[in-house]
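**Student:** Sharing a structure, written as structure tokens. Questions coming.
Every read-out reported here was derived from the displayed coordinates using simple, explicitly stated rules and does not represent laboratory data. Quick caveat: nothing in here was measured; it's all calculated off a predicted structure. Here the Cβ positions follow ideal geometry from the backbone for every residue, glycine too, while neighbour counts run over all protein chains shown.
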Amino acid sequence: MKKIVIIGFLVALIAGLAIFFAGNTGKSYSTDPNDANAYLRVHIRANSNSAEDQEVKYKVRDEVVSYLTPIVAECTTKEEAIKKISANLDGAAKVADETLKKYGYTYGAKASIRQEEFPTRVYQNTTLAAGVYDALILELGTGKGDNWWCVVYPPLCFGGGNCKVEYKSKIAEIIKKFFG
């Protein structure tokens, strides 16, 4: 009788956890919104604030995001994302340069990974506090214009716009696999 009660309790506990975590699908990221060290941000700086430089900044952004998305898609840590992007900095700068040339701009782009100060920002349902973050910096020309920024890891801006930070339970995954 004691074994049945214990088994019943465990089944109820597992079922409760499964219900609690139902709906948490997608990749799990070990990130804390209050921990700047958990994030890799991206910052694309326009050459100037002219309408033309601002417009091409977004075209460069689209191309660079398309280039980097498959590179960082399977990263499970920020360190892995930094390593993969670092190995592809020249490629990201080349994509930016080619996009600029395609639209008739003669200035180039520079890409680097470094620490930078960011203000508080809200991305979907995640608020990142102001602070110093590791970031992929892409400067177009002088890099003196208004900029675009987002988060590379976890992928808040990469992956077709559908990416979001989701926390999920390993127990819920096991239960879903077991019970279908």
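**Student:** What is the projected area of the convex hull of the Cα atoms of the range 82-141, averaged over all directions, in nm²?
**Tutor:** Values: hull surface 20.6 nm².
Mean orientational projected area (the range 82-141, Cα hull): 5.2 nm².
**Student:** Of LYS110/LYS144; LYS57/LYS84; LYS94/LYS144, which pairs sit farther than 18 Å apart, going by alpha carbon to alpha carbon?
**Tutor:** Details: LYS110/LYS144 13 Å; LYS57/LYS84 23 Å; LYS94/LYS144 20 Å.
Beyond 18 Å: LYS57/LYS84; LYS94/LYS144.
**Student:** Something else now. Arrange the peptides 147-154, 89-96, 131-138, 111-118 so that the one whose residues have, on average, the most other Cβ atoms within 10 Å appears first. Present the calculation step by step, with values, prior to reporting the outcome.
**Tutor:** Numbers: 147-154: 21.9, 89-96: 17.8, 131-138: 20.0, 111-118: 14.8.
Output ranking for 147-154, 89-96, 131-138, 111-118: 147-154, 131-138, 89-96, 111-118.
**Student:** Between LEU89 and THR120, what length comes free when the chain is fully extended (0.36 nm per residue of separation minus the Cα-Cα distance, one decimal in nm)?
**Tutor:** Working: separation 31, 0.36 × 31 = 11.16 nm, distance 2.62 nm.
My answer for the length gained is 8.5 nm.
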